[in-house]
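Taking it in order: structure first as structure tokens, then the write-up.
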Amino acid sequence: MAVKDPTAVERANLLNMAKLSIKGLIESALSFGRTLDSDYPPLQQFFVVMEHCLKHGLKVRKSFLSYNKTIWGPLELVEKLYPEAEEIAASVRDLPGLKTPLGRARAWLRLALMQKKMADYLRCLIIQRDLLSEFYEYHALMMEEEGAVIVGLLVGLNVIDANLCVKGEDLDSQVGVIDFSMYLKSEEDIGSKERNVQIAAILDQKNYVEELNRQLNTVSSLHARVDSLEKSNTKLIEELAIAKNNIIKLQEENHQLRSENTLILMKTQHHLEATKVDVEAELQTYKHSRQGLDDMYNEARRQLREESQLRQDMENELVVQVSMKHEIELAMKLLEKDIHEKQDTLIGLRQQLDEVKAINMEMYQKLQVSEDAMKEKNEIIGRLEDKTNQINATMKQLEQRLQQTEKAQMEAEAEDEKLTQEYVNKSESLQKEFSQKEKQLLQLETDLKIEKEWRQTLEDDLQKEKETVSHLRTETQEIVNLKKEFLKLQEKNEQLKRTCQDQEAALEELASKLSESKLKIEDIKEANKALQGQVWLKDKEATHCKLCEKEFSLSKRKHHCRNCGEIFCNACSDNELPLPSSPKPVRVCDSCHAILIQRCSSNVP
């Protein structure tokens, strides 16, 4: 004979009981009336059978000081899978009279039956078997095919209208015992088959009408959704038109700015080309006299390039600093949020620590009371031992007297046996009480060990939280330091902006000085044109200075005036004039105040 699996037998029995209870409930409800109260016996038995089905194969979950086995965990999971179940879950949690998870589960089953959605809720639950595996064993009724069969049977309960009062009913202390006498058949049940067939036809019509109502509700919701989508579509079309107009305006502005930019570039290029041509012509004509101007012009161009490069670098650095500022602000917001969360967790842990301290004080007081009781019991045991010693001494004296007196031996022996029996009974009762106290002491010691371990874990968690708080404080200090560095960088940026503005002003001054030097060069050009007809004296003819009439030598060099044509020595032409275009001051004629040029040979000035 093959041995059947006991879990499979249990599942089959529970399925048969579910079928009988659901069938009996529907038949009795149709004969009694569609609306049922909470005192109706078949309805109470149905809830008992459903409770047994949901408890089959339920895993034992560990709590703080004991183990519990409740069906509220998987039923509470339904509101996450089926959003419409949030209402009954919230109402079950708000009921004032419920104190246990089993009472909440019973109230949930009654509310689901009144909503006629018990089959839908449990169907969503058995589909998610990976989530059910946290609450049920692999061989449980809800994990196997029998659970799907029971969910299918629950659909037939939609024909029943239940009017149950959950608020005033004591659901925590009910005893779930199945009454099998209600499911035994009688002769009246066999004779009422024809009536059941008629009732079944009426129920089918009612189910058909309810299904049509559900479909009509879904169609109306879809129509409302289509209307909302059309409204949102029109709003999006209007926003798109506005965005297109804005894009067209921005494109026009961009085109205008680009045209202005090209005009400015063309003007600057023409201006630069004209200035380059003028400068090259002047350099070719006045190469020897304008050596200092060329150096200064090259230096100014180099400084201008350096300043423009420095300005570009500063702009790039400013962009980087702005991005760093945004990142730092974002990091500050995240850290503030994290700090608030940690503070909330710290507050919760402190509350838990206070509760644990209160529990520890209660356990310590109980331990003190038990120790005091043990001390009292030990004193009583010591007194009893003293009494037994005294009794033993008296017994010895009696034995000696009995040896002397043979006549009273039988009476003394009878009394002795009675006394010994009484003391044996007393000693046995005291030993039993002592063993019970030892058991209580061991239980209290185990409870105290559990409390100490729990307190140690809480202290470890508190230490970890303190470490996280210190870490967060260091991070906030780093953020403050970063803020200070950012302010320093902003000050440096302001200083660099000021230096850039000063350098731009210096460039403007240099440009004005260059324009002045250009005007002076034009004056020199005009002076040269005026002197084109004059002839320089030969080197051999010019032997003496015009002013001091001393002979020229290596120490006294010749200097020629462009304007009047006179020749002076370097001692007489000591009038010097500083020019912005030359790094050194130039010598000036005493008579006409024109620039003197040193002669190197007879033909070249």
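Structure summary
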{"item": "Label zone at Leu430 (point 7 Å along Cα-to-Cβ), backbone N below 17 Å, segment 372-387", "result": "374-387"}
{"item": "Dipole of segment 348-428, positive end: most advanced residue of Ser370, Ala358, Gln400 [Cβ charges, Cα centre]", "result": "Ala358"}
{"item": "30 Å Cα-Cα threshold exceeded, pairs from Lys287/Lys497; Lys525/Lys550; Lys59/Lys342; Lys249/Lys333; Lys325/Lys497", "result": "Lys287/Lys497; Lys525/Lys550; Lys59/Lys342; Lys249/Lys333"}
{"item": "Chymotrypsin sites (Phe, Trp or Tyr not before Pro) restricted to segment 126-161 and DSSP loop, no more than 12 other C-beta within 10 Å", "result": "Tyr138"}
{"item": "Within-11-Å neighbourhood charge of Ile126 [Cβ basis; K, R +1; D, E -1]", "result": "-1"}
{"item": "Added length on full extension, which subtracts the Cα-Cα distance from 0.36 nm per residue, Gln312 to Leu419", "result": "26.8 nm"}
{"item": "Distance violations [Cα-Cα > 20 Å] among Lys366/Lys426; Lys377/Lys426; Lys375/Lys452; Lys23/Lys117; Lys80/Lys167; Lys19/Lys116", "result": "Lys366/Lys426; Lys375/Lys452; Lys80/Lys167"}
{"item": "Calculated over segment 35-160: convex hull of Cα atoms, volume per residue (Å³)", "result": "116 Å³"}
{"item": "Calculated Rg and Dmax of segment 322-402 using C-alpha coordinates, Å", "result": "34.4, 116"}
{"item": "Kirkwood hydrodynamic radius of segment 92-139, from inverse mean 1/r over distinct Cα pairs, in Å", "result": "12.3 Å"}
{"item": "Inter-site label distance for Lys484 and Ala300 at 7 Å from Cα along Cβ, in nm", "result": "4.6 nm"}
{"item": "Net charge of Cβ neighbours under 12 Å - reference Ala89; Lys, Arg +1; Asp, Glu -1", "result": "-3"}
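No value in this document is a laboratory result; all are computed from the given coordinates. For clarity, every value in this text was computed on a predicted model and none was experimentally measured. So basically every Cβ, Gly included, is an ideal-geometry build from the backbone, and we count neighbours across all protein chains shown.
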